[in-house]
Amino acid sequence: MQAKIEVDGLVRRFGPLTAVDDVTFQVTQGEVLGFLGPNGAGKSTTMKMITGYLTPSAGQVRVCGFDVVQEPLSAKALIGYLPEGAPAYPDMTPASFLAFCARTRGLAAETARQRIAQAVDTVAIGDVLEQSIDTLSKGYKRRVGLAQAILHDPPVLILDEPTDGLDPNQKHEVRTLIANMATEKAIIISTHILEEVDAVCTRAMIIDKGRMVADGTPEMLQARSPGHNAVVVRTSADGAEAALFELADVARVETLAAGTYRIYPRAGRQPLAAVAELARRRGWSIDHLAVEAGRLDEVFRQITGGGRRHAA
Amino acid sequence: MNGTLAIFRRELAAYFNTPLAYVFIVIFLFVTSIFTFNLGNFFQRGQADLRAFFSFHPWLYLFLVPALSMRLWAEERKQGSIELLLTLPVSLAAAVLGKFLAAWAFTTIALALTFPMWLTVAYLGDPDHGVIVAGYVGSALMAGGYLAIGSCLSALTRNQVIAFVLSVVVCFLFTVSGAPIVLDFFAGWAPQGMIEQVAQFSFFRRFQAIANGVIDLRDLVYFITLIGFWLFANLIVVEVKKAG
């Protein structure tokens with residue numbers, strides 16, 4: 001299947017600063033790609049180039065086969081875009097704003113009416129339709145922006161921090177919304193909430209200093225975590241820590257609380273069986289025993305330096 | 001075309017959604033009246049025409065039109081809505097044109113609301129209605145010229161105050177380019193032909209010519225070309241800013 005979004009050697013410079021440095025990737029229908037990266041890594045700049053707001057310094061972007069620079073109108077018609085901060089016209093009401101977007105997208109009156117009703121229903125903004133956008137809360141503004149992005153049922157969705165400023169319930173609703181649309185669209189979201197990647201993304205990409213530094217499924221990224229396959233055990237037995245450290249596959253043992261230990265495996269190993277065997281042989285009573293998948297935030301910090309970059 | 005119309009409708013509605021439209025219209029009507037009756041000696045002249053009314057329009061527009069045009073693009077940049085506008089499937093030319101036409105329509109509405117002046121002279125005497133129509137046409141064209149300049153300069157910045165000041169300065173130069181203040185600057189060193197050319201750029205002279213009742217094709221072409229030039233420059237400015 002042809003990729004819906006094809007990004008090839010994308011570069012964007014702002015004066016001496018290279019904000020996006022030779023980024024290449026593709027997104028096919030059914031994929032939800034999560035852009036991860038520290039602030040200023042180039043996530044938004046990449047999205048702005050895909051949607052045609054910024055002109056690339058080099059490289060190209062094709063959306064459903066249309067080059068964004070050469071055939072901007074065809075490409076833009078197929079994209080739904082929620083810009084960072086969900087800008088809208090504050091003097092308008094959500095109703096008039098969505099009507100405006102429908103008109104610029106050339107929807108016929110009847111279709112527009114249906115699509116607006118559907119989008120309003122999907123993001124649940126029916127109760128503020130006639131209120132000026134200026135007076136809406138951050139959460140409502142974001143949802144108006146989302147309504148605008150999905151209005152024309154585009155095959156490609158680019159959402160820059162779609163859940164920023166929403167409360168936990170609203171976050172959950174937006175994630176459900178994205179997950180529901182995922183099968184028929186190609187979606188890119190950017191976020192700095194790592195749990196969101198687990199919740200909605202089929203693929204995650206870490207961007208740092210304008211470069212793509214990791215690309216894979218959330219599970220693949222988690223597997224790069226030192227905590228991947230770590231075993232957490234809680235026992236009241238004496239001398240457990242020393243005994244655990246003696247095991248062959250164990251890299252190190254961390255004490256989380258009195259009697260609770262996290263056992264980090266050596267690379268590629270799985271110490272669960274050995275831990276269980278040890279406990280059985282020594283007759284420890286075990287209150288808790290669990291294997292961890294690894295934490296994305298550890299991978300994230302490890303890859304992007306976490307502000308404490310080791311000197312090269 | 002769809003895009004231009006949609007943007008035109010949105011922009012025009014935006015004036016009336018905020019107090020801007022009402023404040024502008026009230027001030028415009030108030031100031032034109034003061035100028036006409038007090039400074040223009042409308043009654044003392046004892047003539048049934050609107051010369052006193054129209055003669056102040058270039059100076060009035062010099063400040064009022066940039067106040068209107070300063071928000072056209074600067075506000076979009078400030079609010080971030082420009083990102084939305086430029087990612088809609090609407091060509092940049094359509095967006096520039098839609099915004100300009102909405103602003104122009106709005107100034108024309110404000111201008112049209114001065115119709116009681118016309119009724120007044122028609123009641124008091126027997127004016128030459130052709131000359132008055134020409135005056136209105138000239139005034140609307142001149143407002144369009146100021147707006148096109150202001151729209152282009154508004155695209156340069158996200159700060160509306162800067163856009164306003166820049167527009168007033170450039171509009172001032174265009175207004176007075178036929179006056180000694182500008183011509184003297186060139187007189188010392190430039191050839192006579194060039195000075196003539198500079199003088200040709202004066203809004204003031206062109207407008208006076210039309211307002212005298214002679215709608216000369218050259219004056220029409222001048223204003224239309226000027227508007228076209230500045231709108232094209234506007235488009236280039238937005239395009240260049242995209243590429244950084």
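Tabulated values for the structure
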read-out	value
Calculated P(r) of segment A:17-68 - Cα pairs past 15 Å, %	50
Spatial separation of Cα centroids for segment A:243-305 and segment B:61-121, in angstrom	67
Amide H within-cut-off set for A:I207, under 5 Å, with H built and near neighbours excluded	A:L36, A:G37, A:V213
Heavy-atom surface of chain A, accessible at 1.4 Å and reported per residue (Å²)	44
A:C64 accessible area, 1.4 Å probe, all protein chains in place, Å² to nearest 10	40
Unit charges on C-beta of K, R, D, E only; dipole of the protein assembly as shown, Debye	480
Cα principal axis extents for chain A, largest first, Å	76, 45, 36
Whole-Hz ³J(HN,Hα) from phi, Karplus 6.51 cos²θ - 1.76 cosθ + 1.60, for segment A:14-19, glycine and proline x	10, x, x, 8, 9, 7
Relative contact order [Cα under 8 Å, 6+ residues apart], chain A, whole percent	19
Gap separating the Cα centres of segment A:168-229 and segment B:189-236, nearest whole Å	59
Given charges at beta-carbon only (K, R positive; D, E negative), |dipole| of chain A in Debye	480
Segment B:195-211 - phi-based ³J(HN,Hα) in whole Hz, Karplus 6.51/-1.76/1.60, Gly and Pro as x	4, 4, 4, 4, 4, 5, 7, 5, 4, 4, 5, 4, 5, 4, 4, 5, 5
For the protein assembly as shown, alpha-carbon Rg over 2.2 N^0.38 Å	1.33
Placed amide H near A:A237: partners under 5 Å, 5+ positions off or other chain	A:S285
Mean separation of Cα contacts under 8 Å, 6 or more apart, over the residue count of chain B: relative contact order %	26
Ellipticity estimate at 222 nm from DSSP helix runs (n ≥ 4, -39,500 (n - 2.57)) divided over chain A, nearest 500	-10000 deg cm²/dmol
Of all DSSP beta bridges in the protein assembly as shown, antiparallel share, percent nearest 5	65
Surface/4 estimate of mean projected area, convex hull on alpha-carbon atoms of chain B, nm²	14.8
Chain B, helix-only ellipticity at 222 nm - DSSP H runs n ≥ 4, -39,500 (n - 2.57), divided by all residues, nearest 500	-25000 deg cm²/dmol
All Cα pairs of segment B:1-130, percent lying beyond 25 Å	39
Probe 1.4 Å, protein heavy atoms only - accessible area per residue of segment B:2-243 in square angstrom	44
Order of exposure, largest accessible area first, which applies to A:K209, B:K241 with probe 1.4 Å	A:K209, B:K241
Cut-off under 5 Å, modelled amide H: who pairs with A:R266 long-range	A:V250, A:A251
In sequence order, calculated HN-Hα J values of segment A:201-207 (Karplus, 6.51, -1.76, 1.60; Hz; x Gly/Pro)	8, 8, 7, 10, 10, 9, 10
Percent of C-alpha pairs per 5 Å bin, segment A:207-266, short to long	4, 17, 21, 17, 12, 9, 9, 6, 4, 1, 0
Stretchable slack from A:S137 to A:Q70, in nm (0.36 nm times residue separation minus alpha-carbon distance)	20.3 nm
Inverse mean reciprocal Cα-Cα distance (Kirkwood Rh) of segment A:1-160, Å	16.6
0 to 90° range, to nearest 10: angle between helix B:217-243 axis and chain B longest Cα axis	20
Cβ-Cβ FRET estimate between B:A179 and B:L20, R0 fixed at 30 Å, reported to 0.05	0.45
Cβ-derived FRET efficiency at R0 60 Å, A:D22 paired with B:R218, nearest 0.05	0.65
Computed Kirkwood radius, in angstrom, where 1/r is averaged over Cα pairs of segment B:2-56	13.4
Magnitude of the charge dipole, segment B:151-228, Cβ model with Lys/Arg +1 and Asp/Glu -1, debye to 20	200
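The values are calculated or read from the model by the stated rules, or taken from the named source; none is laboratory data. What you see is a predicted model, and the numbers here were worked out from it, not measured in a lab. Glycine also receives a Cβ, built like all others from the backbone with ideal geometry; neighbour counts cover every protein chain displayed. These accessible areas exclude ligands, DNA and RNA; they are computed on the full protein's heavy atoms, side chains included. Shrake-Rupley method; radii C 1.70, N 1.55, O 1.52, S 1.80 Å.
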